[in-house]
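This report concerns only the one structure given below.
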Amino acid sequence: MRWQGGRRSTNVEDRRDETPLRGGGGQLLPFRMLGLRGGIGGIVLLLALMYLGVINPEDLLTGSTSVPSTPTHPTPHSGGPASPDPSLPEPPSAAAEDEMRDFVSVILGDTEDTWHEVFRHMGRDYEEPVLVLFTGAVDSACGFAQAAVGPFYCPGDQKLYIDLSFYDDLLNRFHAPGDFAQAYVIAHEVGHHVQNLLGTAGRVATQREHLSEEQGNQLSVRVELQADCLAGVWAHHAERARGILEVGDLEEGLRAASAIGDDRLQMRARGYVTPESFTHGTSTQRVNWFRTGFEKGDLERCNTFDESQPIG
């Protein structure tokens, strides 16, 4: 992917040196999901990690207002003992950290350029979101979140949140390598921001108040698939305007979309799937909608809420 010469966004807020507050038992304070639009990792990744035994649900759902000096249940993403654990990967070098920060700021800048142009053609102004980099856990207008929930967008403060260690998971756990796969993660979360600006997020939140859990899950799938499609719309316009893609880049994005489908995550975690619990869509659906956005480049073609049409 040709990104090195791209414009760097100034809307990057680096909180990686901040120490998150913890609950009285050493756990991170609870994450209030109300209002959150989950992203690439989102709730599906969280559940998958629970099923795999990587995290303890009690570490997410319990806690108090006191702040101990050291955690009693350290995890790879939320702090640990003073001595290094040889089973964990080496932390990235300062140079690698700087390059990754440059990368995400360029991708964010490119999404800004694309969506400013798309909104201009609609006769509207595009409001740029802020991308927050954090390590381990972060506080947002949507609540306190552990890195285990994956990248997410919070409509309450119009910010995207990502712990860059998620890219290690994308490579090693989900076998979806490549810089364009990483760019797709950012573009998907920006897709949620676009939904928020267009009023989709608010309408969905209102609808969910009157739906059963299963119906709410089905609506969530349509939200996530539209964000995939909007990520494809960004890639379409970025390629036409700035020629960002190299050979194999599109396949990297499609592979990432496939790797995080609900069916694949659930099958890997427990050996069977429960479609009524899907919240992000199947691997096939995610690939199809990302491809639709990329091939058509038209926001109007991303209407995943049209129930008269197959969802993929």
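The values are calculated or read from the model by the stated rules, or taken from the named source; none is laboratory data. Please read all numbers here as calculations on a predicted model, not as lab measurements. When we count neighbours, we look across all protein chains shown, and the Cβ atoms used for this are built from the backbone with ideal geometry, even at glycine.
Which one of these does Q195 not meet: (1) modelled with pLDDT under 95; (2) over 13 Å from the mean Cα position of the chain (by Cα)?
So the condition that Q195 fails would be (1).
Of a type in the set (A, V, I, L, M), surrounded by fewer than 23 Cβ atoms within 10 Å (Cβ to Cβ) and under 18 Å from the mean Cα position of the chain (by Cα), is that true of A181?
Considered against the rule, which asks whether it is of a type in the set (A, V, I, L, M), surrounded by fewer than 23 Cβ atoms within 10 Å (Cβ to Cβ) and under 18 Å from the mean Cα position of the chain (by Cα), A181 comes out as no.
Here are E307, E251, E295, E214: which of them is surrounded by fewer than 23 Cβ atoms within 10 Å (Cβ to Cβ), at pLDDT below 90 and more than 20 Å from F152 (Cβ to Cβ)?
Criteria check complete, one pass: E307.
Which of the residues belonging to the stretch 239-259 are touching a helix residue (DSSP H, G or I) at 6+ places or on another chain (Cβ under 7 Å) and in a loop (DSSP other than H, G, I, E, B)?
Residues satisfying the conditions are I244, L245.
Quick one: would you say T284 is free of Cβ contacts under 8 Å to residues at least 12 places away in the same chain, of a type in the set (S, T, N, Q) and surrounded by fewer than 18 Cβ atoms within 10 Å (Cβ to Cβ)?
Answer is no for this residue.
So for the stretch 233-245 (the condition being among the acidic types (D, E) and in contact (Cβ under 8 Å) with a residue 60 or more places away in the chain), does at least one residue qualify?
Scanning the stretch 233-245 turns up no residue that is among the acidic types (D, E) and in contact (Cβ under 8 Å) with a residue 60 or more places away in the chain.
Mind listing whichever residues of the stretch 80-112 are over 20 Å from V185 (Cα atoms) and either at pLDDT 95 or above or assigned to a helix (DSSP H, G or I) (or both)?
The answer is A94, A95.
Restrict the check to the stretch 187-206 and report whether at least one residue is buried (at least 23 other Cβ atoms within 10 Å of the Cβ), closer than 21 Å to V233 by Cα, touching a Ser or Thr at 6+ places or on another chain (Cβ under 7 Å) and not basic (K, R).
yes
Could you say whether any residue in the stretch 116-129 is of a type outside the set (G, A, S), under 17 Å from E189 (Cβ atoms), crowded, with 19+ Cβ neighbours inside 10 Å and out of contact with any helix residue (DSSP H, G or I) (no Cβ under 7 Å at 6 or more places or on another chain)?
No, the stretch 116-129 contains no residue that is of a type outside the set (G, A, S), under 17 Å from E189 (Cβ atoms), crowded, with 19+ Cβ neighbours inside 10 Å and out of contact with any helix residue (DSSP H, G or I) (no Cβ under 7 Å at 6 or more places or on another chain).
How many residues are over 24 Å from S212 (Cβ atoms) and either within 20 Å of the chain's Cα centre (by Cα) or not in a loop (DSSP other than H, G, I, E, B) (or both) when one looks only at the stretch 292-312?
Number satisfying all stated conditions: 9.
Could you figure out which of (1) closer than 23 Å to Y153 by Cα; (2) among the hydrophobic types (A, V, I, L, M, F, W, C); (3) in contact with a Phe, Trp or Tyr (Cβ under 6 Å, 6 or more places away or on another chain) isn't true of A269?
(1)
Quick one: A176 ticks every box in (1) touching a Lys or Arg at 6+ places or on another chain (Cβ under 6 Å); (2) closer than 25 Å to P155 by Cα except a single one, so which number is it?
(2) is the only condition that A176 fails.
Can you confirm whether the stretch 281-291 contains a residue that is out of contact with any helix residue (DSSP H, G or I) (no Cβ under 7 Å at 6 or more places or on another chain), charged (D, E, K, R) and assigned to a helix (DSSP H, G or I)?
No.
Among the residues of the stretch 113-124, count how many are more than 17 Å from F180 (Cα to Cα) and either assigned to a helix (DSSP H, G or I) or touching an Asp or Glu at 6+ places or on another chain (Cβ under 7 Å) (or both).
So the count comes out to 8.
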